[in-house]
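As structure tokens, the structure follows; a few thoughts come after it.
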Amino acid sequence: MGDRLGVRLRSTAGIPLDRLLGLAVRRNPKRAHLLVSTVLGKHVPTDPRHVHGAGLLLGRQVAVELAGRPAVVIGNAETATALGHCVAEAAGTPYLHSTRRPIAGVRPYGGFAEAHSHATDHLLLPTSAPVLAALADPDTVVVLADDELSTGATALGTIAELHRLAPHRAYLLASLVDMRSPASLALADTTAAELGVSIGAVSLAAGTVELPADILTAGQKLVAELDDQPPSVVAPRTTAERIAVRWPSGVAVGARHGVDAAGTAALAAACADVSTTITARLTGAESVLVLGFEELMYARAADRLGADR
């Protein structure tokens, strides 16, 4: 993207952007580029210890900003489900992530739209008592965790919806990178004034993306060239083995319905047991890929596998 299309990342605060992001071309007539996190563990293979560490670092920034105030963290499906959980883990708060899957028998608390996404509609389906209590308490700071703030429009829309359901005095945006323009920052201030709330923000890095004037045309041309290339050939795997692991009764495997700090600790302990079971079967393996599935990305077992090996 940098060499062919002239796209540039410019850091303005925090960790240099090129340590957290890469650039990709996308098949989209409205937008030629895509920012790809290299510490999210979502789109490109990443050492899980880096994924966990980045989330914890962001969560510690959140904890400093909270200064002891009660809070609840909400992450977006599917990209930020694990990131949000890491933030809540470090901050010691309850956690809930959105979902795109209606669940029979669970009445939605609310929902919001993510206009630029491939699947726009998000639901909030909390059943955890601590999470529900936090959402109902106006003194609870609502922390919205996401990998990137480009315009902040989705976050502001989510705040407006949450405030309609149960008003809170303070909201906090937590992101790995904050790429908002001065106009987007001003819109956040305007929204806060209209709602009569405070909207703060913390991030590991901030900066801008510089795009040449012909980026859309050049991007479409590059996509056409890439489409003409033959696909990569991957050698087929010849064996598969299913490993049964023990999962404690009552321990949630994720935060679709909300989880408190004690629940997060129980999940980490269960993942440690899973890691021990799997590690015992990996004798002689040259490399290991742990593949998360949709919302199940808070793979602490992957983190432990890296440490164990």
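The values are calculated or read from the model by the stated rules, or taken from the named source; none is laboratory data. Please read these numbers as outputs of a predicted model, since none were measured by experiment. Note: ideal-geometry Cβ built from the backbone for every residue, glycine included; neighbour counts use all protein chains shown. Surface accessibility is based on the protein's heavy atoms, side chains included, excluding ligands, DNA and RNA. Shrake-Rupley method; radii C 1.70, N 1.55, O 1.52, S 1.80 Å.
Values computed for the structure shown
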read-out	value
Any hit, the range 246-265, residues being over 30 Å from P138 (Cα atoms) and among the aliphatic types (A, V, I, L, M)	no
Residue match in the range 142-150 (condition: loosely packed, with under 15 Cβ neighbours inside 10 Å, outside any helix (DSSP H, G or I) and not basic (K, R))	no
Criterion: modelled with pLDDT under 85, open to solvent by 40 Å² or more (accessible area, probe 1.4 Å) and either among the aromatic types (F, W, Y) or part of a helix (DSSP H, G or I) (or both) - qualifying residue of A301, A269, A307	A307
Residues of the range 157-182 satisfying the condition of being exposed (fewer than 15 other Cβ atoms within 10 Å of the Cβ) and more than 27 Å from P126 (Cα to Cα)	S181, P182
Subset of the range 226-251 [open to solvent by less than 90 Å² (accessible area, probe 1.4 Å), farther than 19 Å from G2 by Cβ and at pLDDT below 85]	D227, A235
Subset of the range 198-216 that is surrounded by fewer than 18 Cβ atoms within 10 Å (Cβ to Cβ) and at pLDDT 95 or above - its residue that is nearest to R27 (Cα to Cα)	G200
Filter result for the condition that a residue is more than 15 Å from H257 (Cα to Cα) and among the β-branched types (V, I, T), over T140, T81, T93, T99	T140
R27 vs. criteria open to solvent by 70 Å² or more (accessible area, probe 1.4 Å), in contact with a strand residue (DSSP E or B) (Cβ under 8 Å, 6 or more places away or on another chain) and either over 17 Å from L83 (Cα atoms) or small (G, A, S) (or both)	no
Residue count, the range 30-49 (criterion: among the basic types (K, R) and either open to solvent by less than 20 Å² (accessible area, probe 1.4 Å) or touching a helix residue (DSSP H, G or I) at 6+ places or on another chain (Cβ under 6 Å) (or both))	1
Close pairs from the range 258-273: first under 23 Å from A71 (Cβ atoms), partner open to solvent by 20 Å² or more (accessible area, probe 1.4 Å) and assigned to a helix (DSSP H, G or I), Cβ under 6 Å, at least 6 apart	D260/P130; T264/E89; A268/R300
Given (1) buried (at least 18 other Cβ atoms within 10 Å of the Cβ); (2) out of contact with any strand residue (DSSP E or B) (no Cβ under 6 Å at 6 or more places or on another chain); (3) over 30 Å from A104 (Cβ atoms); (4) not charged (D, E, K, R), index of the condition L185 fails	(1)
Given (1) of a type in the set (S, T, Y); (2) open to solvent by less than 60 Å² (accessible area, probe 1.4 Å); (3) farther than 21 Å from H97 by Cα, number of the condition T154 does not satisfy	(3)
Sole residue being over 23 Å from G263 (Cβ atoms) and without any contact (Cβ under 8 Å) to a residue 24 or more places away in the chain, chosen from A133, A67	A67
Single match in G196, G200 (criterion: under 30 Å from V87 (Cβ atoms) and touching a helix residue (DSSP H, G or I) at 6+ places or on another chain (Cβ under 7 Å))	G200
V223 being open to solvent by less than 90 Å² (accessible area, probe 1.4 Å) and assigned to a strand (DSSP E or B)	no
